[in-house]
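Asks: Sharing a structure here in structure tokens format.
None of the figures in this text is laboratory data; all of them are computed from the coordinates on show. Bear in mind the structure is a predicted one, so any value in this text is a computation, not a measurement. Reconstructed Cβ throughout: ideal geometry from the backbone, glycine too, with neighbour counts over all protein chains shown.
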């Protein structure tokens, strides 16, 4: 199977981005966390991206977590995990 250069470049860019985000997550885990209410802003308030995000959460590609034990504790999501899910979809679309 031969992959076009532009496709390969896009896939490598996705991998490099994920590597950088993974390093940030390891060095400073707090910077990797987003509250559920902040995710839409981080995605750029794009309704299409928000719908994709919601679909990925429903499918289990992105998993949220709570820091506290209270029922009212907010859900947090990992920026790295969100970016990895979007990168997987982009790579799938490229092939």
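Asks: Going through region 26-66 one residue at a time, which ones are surrounded by 12 or more Cβ atoms within 10 Å (Cβ to Cβ) and touching a strand residue (DSSP E or B) at 6+ places or on another chain (Cβ under 7 Å)?
Replies: Once the filter is applied, which keeps residues that are surrounded by 12 or more Cβ atoms within 10 Å (Cβ to Cβ) and touching a strand residue (DSSP E or B) at 6+ places or on another chain (Cβ under 7 Å), region 26-66 yields 32, 33, 34, 35, 36, 39, 42, 62, 64, 66.
Asks: What tally of residues in region 71-89 results from selecting those that are in contact (Cβ under 8 Å) with a residue 24 or more places away in the chain, more than 11 Å from residue 34 (Cα to Cα) and assigned to a loop (DSSP other than H, G, I, E, B)?
Replies: Filtering region 71-89 for residues in contact (Cβ under 8 Å) with a residue 24 or more places away in the chain gives 74-80, 82-89.
Going one step further and asking which of them are more than 11 Å from residue 34 (Cα to Cα), we end up with 83-89.
With assigned to a loop (DSSP other than H, G, I, E, B) added as a condition, the list becomes none.
Qualifying residue count, region 71-89: 0.
Asks: While we're here: Out of 25, 31, 48, report the one residue that is within 13 Å of the chain's Cα centre (by Cα) and either assigned to a helix (DSSP H, G or I) or without any contact (Cβ under 8 Å) to a residue 60 or more places away in the chain (or both).
Replies: Answer to the selection: 25.
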